[in-house]
């Protein structure tokens, strides 16, 4: 009896190609550390694709780029960490960087010692004096998710402790948060509907980050990737930092027909 030939799905070939892109960015085949890291993220990416038919239908280029962006940002797809996710948007695979992911990048860049974001609702006591940096916020908590989601929002602020010990604040009123959301290509997408507060917090963290004056490549790359994913940047207006990262990586293009009968690492 002849052995039955099987061909792996196209999405799997694209994920395989993304692996080789990651490997190149992490440092190449000759570095054991790079191979270990790339294989780990490849495994997390596979898990995400196997669970989502919507991801499997995404375009080849978007799948490869999204997986490569994991390496560019130095984040992980490990679901336990909740730092970044692969999200399908209109047949495009995107790397969605979470609020926690942005915080980690700020800490890794030594831009902050600690940062936290807080939602402010209209039924809470809140005041802030920018000249004295005196902030008063007395939180109240809803009894259910439904009640929480129905509470009118006043705004959102971040409180960052800098490496020097200085405390820095940044506040955005609700109208400004909604203005940013309205400009986002994903404003009606699953991410905003499911993690509304987290998206607002990330918006304020990104605003605060601009005042912290860091040139850490992975943080700048993450901010630009997040802007592009949300339609806040034109892909044609890419900054020099992304061009530098991509050029230095000497990204490998892998033919999707390589090893069609066998999974990577099988």
Residue selected from the range 82-112 under the condition in contact with a helix residue (DSSP H, G or I) (Cβ under 8 Å, 6 or more places away or on another chain), farther than 23 Å from residue 184 by Cβ and at pLDDT 85 or above, by the criterion surrounded by the most Cβ atoms within 10 Å (Cβ to Cβ)
112
Say whether the condition of being under 20 Å from residue 224 (Cβ atoms), surrounded by 23 or more Cβ atoms within 10 Å (Cβ to Cβ), in the same structural domain as residue 12 (by TED's automatic domain parsing) and over 15 Å from the mean Cα position of the chain (by Cα) is met by at least one residue in the range 48-68.
yes
Any chance the range 74-81 includes a residue that's in contact (Cβ under 8 Å) with a residue 40 or more places away in the chain, crowded, with 18+ Cβ neighbours inside 10 Å and not assigned by TED's automatic domain parsing to the domain that holds residue 198?
yes
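Could you please let me know if residue 199 is within 22 Å of residue 114 (Cα to Cα), at pLDDT 80 or above and in a strand (DSSP E or B)?
Taking the combined requirement at face value, the residue does not satisfy it.
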Restricting attention to the range 207-222, and to residues there that are touching a helix residue (DSSP H, G or I) at 6+ places or on another chain (Cβ under 9 Å), surrounded by fewer than 20 Cβ atoms within 10 Å (Cβ to Cβ) and at pLDDT 70 or above, which single residue is nearest to residue 77 (Cα to Cα)?
218
Given the condition free of Cβ contacts under 8 Å to residues at least 60 places away in the same chain and at positive phi, answer yes or no: does some residue in the range 125-138 qualify?
yes
Output the residue which, of all residues in the range 170-195 that are loosely packed, with under 15 Cβ neighbours inside 10 Å and either in the same structural domain as residue 85 (by TED's automatic domain parsing) or touching a residue at least 24 places away in the same chain (Cβ under 8 Å) (or both), is nearest to residue 104 (Cα to Cα).
190
Would you mind telling me which numbered condition in (1) out of contact with any helix residue (DSSP H, G or I) (no Cβ under 6 Å at 6 or more places or on another chain); (2) at pLDDT 95 or above; (3) closer than 24 Å to residue 23 by Cβ residue 126 fails?
(3)
A careful count of residues in the range 134-159 that are surrounded by 15 or more Cβ atoms within 10 Å (Cβ to Cβ) and touching a helix residue (DSSP H, G or I) at 6+ places or on another chain (Cβ under 9 Å) gives 6
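The values are calculated or read from the model by the stated rules, or taken from the named source; none is laboratory data. If you're wondering where the values come from, they're calculated on a predicted model, not measured in any experiment. We place every Cβ from the backbone using ideal geometry, glycine too, and count neighbours over all the protein chains shown.
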